[in-house]
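Note sheet for the following structure.
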Amino acid sequence: MLSNEVKEKLISIVTKENFADSKTERLVYSYDATPNFQSMPDAVVSPRNTAEVSEILKICNKYKVPIVPRGSGTNLCAGTCPTEGGVVLLFKHMNNITEIDEENLTITVQPGVVTLDMIHAVEEKGLFYPPDPSSMKISTIGGNINENSGGLRGLKYGVTRDYVIGLEAVLPNGDIIRTGGKLAKDVAGYDLTRLFVGSEGTLGVITEATLKLIPMPETRKTMLALYQDLNAAAKSVSKIIANKIIPTTLEFLDQPTLKVVEDFAQIGLPTNVQAVLLIEQDGPLEVVDRDMKKIAEVCKQENAVSIQTAATEEEADALRTARRAALSAIARLKPTTILEDATVPRSEIANMVKAINDISEKYQLTICTFGHAGDGNLHPTCATDARNHEEMERVENAFAEIFEKAIELGGTITGEHGVGAMKAPYLEWKLKAEGIAAMKAIKLAFDPNNIMNPGKVFAKDSKKRVVITR
């Protein structure tokens, strides 16, 4: 627990109203969206501005108190679970849109702004912020940046890092720095902006972000391509790209996922096929019409059994909602749902899906697979029960084999969820010892006292999901 001295110093900065350390209040922030990880913080602190963040970090650095920056807790790799206790830093007061600059096509926001609120704000001005993580209704920009969040539109438009052009951040010693700005070009020194994006809160605390915007696309169209053969669906993905067409969205759902989503959403999804591709294109009307016609031809050439095009925006929105509802639908099957991600080259999607199915059968587990086929990012999702320790052992072994297979196919252990505590034991499989050593050197340079989100990214001894109580 925090010493009385540290507690009093923190309260003097944020006031009693923004400091909480009762067991009930701490319990609320002892877990995130990652199943079976829990650990109690020593206190929860809500700063009101950057100056207060700076003072908090100075105190925590002096007394070597861990700091865990936290948004809405939608993290899926235990990245915001306070595995070593300390102070959870909330940004409920720092949730303002500071500026929408229509001349420079930028928006400047504080870290606590909800992603979808920001998207709506720029769309009202005819502008577009493409990153759209599935959690965007509740996730915050600070969390998106720390995890380099992706989304359904990532194939065409990229992910969060492609839109972060400037940051205000507080270093562990309390120093406040600014990186980048409203610039199309900036090569003055190391790219500290990119270094912070995806750093999972291990290098410092982001207190403001300047993000790039683009004009709103003129129109968009959505279609479903249905397949009885997984290989045919995978080949369609590669062939669409080979035809020099980059769709906005190119999503994959396997049959088990289709069945649970249809049972949940009841929107008329086909459940008698092996796979579905959800395809969307946006842009000028004539370009969208041309691309969608060509995409349909490609899918038919690769033995799609049916092509269905949404006739209205309402139908299109229902299809998008069905994809975004996959996790909620699967969560109805059993008490515990473990949503993972592994990324492979597009050409290896069919091999990866087959491997996941084989591994699921080997360990007698229910694993549904869906994801961003266009960029090779798949989400094998296991419906299980954390109370069944024998089954959880099989789940851990199954996911270890899935990560190993992804790397074997030229892929990686995570495409968008991050490493956090959950995947830290597997990171060296991807980066090797030399890569881990280079990352540790960066961490040490920024955070010599290891107060920033300790216990994340770098491996612990155990590969098991753990519950830690304090």
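The values are calculated or read from the model by the stated rules, or taken from the named source; none is laboratory data. Just so you know, these numbers come straight off a predicted model, no measurement behind them. Cβ placement follows ideal geometry from the backbone for every residue including glycine, while neighbour counts extend to all protein chains displayed. All accessible areas refer to the heavy atoms of the entire protein, side chains included, with ligands and DNA or RNA removed. Shrake-Rupley method; radii C 1.70, N 1.55, O 1.52, S 1.80 Å.
Here is a yes/no grid of residues against (1) free of Cβ contacts under 8 Å to residues at least 12 places away in the same chain; (2) among the small types (Gly, Ala, Ser); (3) surrounded by 16 or more Cβ atoms within 10 Å (Cβ to Cβ); (4) in contact with a strand residue (DSSP E or B) (Cβ under 7 Å, 6 or more places away or on another chain):
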{"site": "Ile119", "(1), (2), (3), (4)": "no, no, yes, no"}
{"site": "Ser135", "(1), (2), (3), (4)": "no, yes, yes, no"}
{"site": "Glu147", "(1), (2), (3), (4)": "no, no, yes, no"}
{"site": "Gly180", "(1), (2), (3), (4)": "no, yes, yes, yes"}
{"site": "Tyr190", "(1), (2), (3), (4)": "yes, no, no, no"}
{"site": "Ser199", "(1), (2), (3), (4)": "no, yes, yes, no"}
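Restricting attention to region 46-62, report how many residues are open to solvent by 10 Å² or more (accessible area, probe 1.4 Å), touching a helix residue (DSSP H, G or I) at 6+ places or on another chain (Cβ under 6 Å) and free of Cβ contacts under 8 Å to residues at least 60 places away in the same chain.
Total meeting the criteria: 2.
Taking helices (runs of 4 or more DSSP H) that fall entirely within region 343-448, which contain at least 1 residues that are without any contact (Cβ under 8 Å) to a residue 40 or more places away in the chain, surrounded by fewer than 17 Cβ atoms within 10 Å (Cβ to Cβ) and in contact with a Phe, Trp or Tyr (Cβ under 9 Å, 6 or more places away or on another chain)?
Values: elements: 349-362, 389-408, 427-446.
It comes to 389-408, 427-446.
Pairs only if they're at least six apart or on different chains, beta carbon under 7 angstrom, first in region 25-45 and among the basic types (Lys, Arg), second open to solvent by less than 20 Å² (accessible area, probe 1.4 Å) and modelled with pLDDT of 95 or more; list them, first residue then second.
Arg26/Met40; Arg26/Pro41; Arg26/Val44
Tell me which of these Lys456 doesn't satisfy, since it passes every other one: (1) in contact with an Asp or Glu (Cβ under 6 Å, 6 or more places away or on another chain); (2) modelled with pLDDT under 95.
Going through (1) in contact with an Asp or Glu (Cβ under 6 Å, 6 or more places away or on another chain); (2) modelled with pLDDT under 95 one by one, Lys456 breaks only (2).
Given the conditions (1) under 17 Å from Asp229 (Cα atoms); (2) open to solvent by 20 Å² or more (accessible area, probe 1.4 Å); (3) of a type outside the set (D, E, K, R), which single one is not true for Val276?
(2)
Filter region 318-342 down to residues that are open to solvent by 20 Å² or more (accessible area, probe 1.4 Å) and part of a helix (DSSP H, G or I) and give me whichever is nearest to Cys368 (Cα to Cα).
Checked region 318-342; the qualifying residue nearest to Cys368 (Cα to Cα) is Leu327.
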